[in-house]
Structure formats: C-alpha cells, structure tokens
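Novice: Sharing a structure below in structure tokens format, with a few things to ask.
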Amino acid sequence: MIASVRGVVTATGPDQAVIEVGGVGLAVHCAPATLADLRIGQPARLATSLVVREDSLTLYGFADDDAKQLFELLQTASGVGPRLAQAVLAVHTPDAVRKAIANADTAALTRVPGIGKKGAERLVLELRDRIGPVPVGVDGAAGVTGGAWPEQVRQALVGLGWTGAQADQAVAAVAETVDGPTPPVPVLLKQAIRLLGRTR
C-alpha cells in the first residue's frame, strides 16, 4: 500500500499530477482543489490511496490524510467506486461530506455528478453510523470563497500550463458569470478550464 508520496511535481493536468519520487514519476489522480496547490518544479507531499484492479493500479492523491480516509470510507458504500468517491471530495470538503451524511442532507449529496436521490439515501443509510465526529458550523463546498478565489484559480491554471495572460483572461470571464454567492473554487476552476479549452 502506498500511503503517501513526497517528491517534486514534474507535470500537472486537468485530473492528475506527476510526482517524481526517487527517480520514478508517479501519476497521481487528484481533485481540482488539490491540483490547484501543486506547482511544477516544487516539492509536494500527498496522502495517497492505491486502488488495485485486475487490469490497473491507480494512485489517488489528497491534500491530507483526512480526505484520504474519507475517500476510502466512501468506497465501502455500495455502488461507490474510486471515481465517484473522488467526485464527492471535489465538490465538498471532508467536513461538509460528514455533515451532509450525518444530517441526511441528500440535497447536498446530489450536487455531486453521478449521485442521484437514491444514491444519496444509500450513502446516508450505510455510512451515517461510521462517518465520525461532525464539526459544528461547517459550510458547504470545497475551496475558499470570497475574494481569494481569483488568485487560486489563476495559480491553478498557470500550474496546469497556461500563460499568466491566458489565466487572467479566463478568471475575468468566469468572474463575470458569478452572481450572488461565490461557487466553490473547484467549480470555478473547471469553468475556466472549459473556457480555455476552446482557445488552446
């Protein structure tokens, strides 16, 4: 079991990063918020979970051990595989996931692509007693809201290989679409990547 990796980030993409450990480049699948904190050429440490299948070995990476443990717990629910578990953590923080499951907040869980009403109810039913302590006063989704998001999205785009000018242009375009409460940073980042994908 590969519990964590520490090394230099040599490449990043929309859903994975390559971390060089002892001369070996490991492809690690990460959620957008985790990728946003990685910089090519800089050292990084990711908590990891190795998913073994008959035809593949896939390494999933997380900013901390808490997210990794929740990723592994989510997969113990029927119908939840690693991709869906990672999608949950791309939309919500670990604390928000615990709160949603503990409070049977199926509306929050169905905001995750791939989880319908029945799937959300099944998560609550199967994991409610095993989710662990639920912090008080948790707000909903992953990432920092408010004034910090433009810089976070910009840095993530530059880290993914776009120029500073392209990143600024995408951030400005996304900012024009924000009306009311600021969406989670991963959502804004995906929107910016979609915009840039048309011009690349």
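The values are calculated or read from the model by the stated rules, or taken from the named source; none is laboratory data. Everything quoted here is computed from the prediction, not taken from an experiment. Every residue, glycine among them, receives a Cβ derived from its backbone with ideal geometry; neighbour counts consider all protein chains shown. For accessibility, only protein heavy atoms count, side chains too; no ligands or nucleic acids. Shrake-Rupley method; radii C 1.70, N 1.55, O 1.52, S 1.80 Å.
Novice: Using a probe of 1.4 angstrom, how much of the accessible area of the chain is carbon and sulfur, in percent?
Specialist: Numbers: 5420 of 10200 Å².
The nonpolar share, carbon plus sulfur, comes to 53 percent.
Novice: Assuming R0 = 22 Å, what is the FRET efficiency of Gln155 and Val21, from their Cβ-Cβ distance, to the nearest 0.05?
Specialist: Between Gln155 and Val21 the formula returns 0.40.
Novice: Further question on the same structure: Once label points are set 7 Å from the Cα along Cα→Cβ at both Thr10 and Lys118, what is their separation, rounded to one decimal in nm?
Specialist: Roughly 4.5 nm, to one decimal.
Novice: Heavy-atom accessible area per residue, region 1-119, 1.4 Å probe: how many Å²?
Specialist: Value for region 1-119: 47 Å² per residue.
Novice: Next question, about the same structure. Based solely on its DSSP helices, what 222 nm [θ] is calculated for the chain when runs of n ≥ 4 H residues each add -39,500 (n - 2.57) and the sum is averaged over all residues, nearest 500 deg cm²/dmol?
Specialist: Here the helix-only value at 222 nm equals -12500 deg cm²/dmol.
Novice: Can you tell me how much longer the chain between Asn103 and Ala3 gets when fully stretched, taken as 0.36 nm per residue apart minus their C-alpha distance, in nm with one decimal?
Specialist: My answer for the length gained is 33.0 nm.
Novice: Can you give the FRET efficiency to the nearest 0.05 for Asp55 and Arg130, using r as the Cβ-Cβ distance and R₀ = 45 Å? Before the final figure, lay out the partial values.
Specialist: Working: r = 30 Å, r/R0 = 0.67.
After rounding, the FRET efficiency stands at 0.90.
Novice: Please find the FRET efficiency linking Glu72 to Ala165, where r is the Cβ-Cβ separation and R0 is fixed at 35 Å, and quote it to the nearest 0.05.
Specialist: Calculated value: 0.30.
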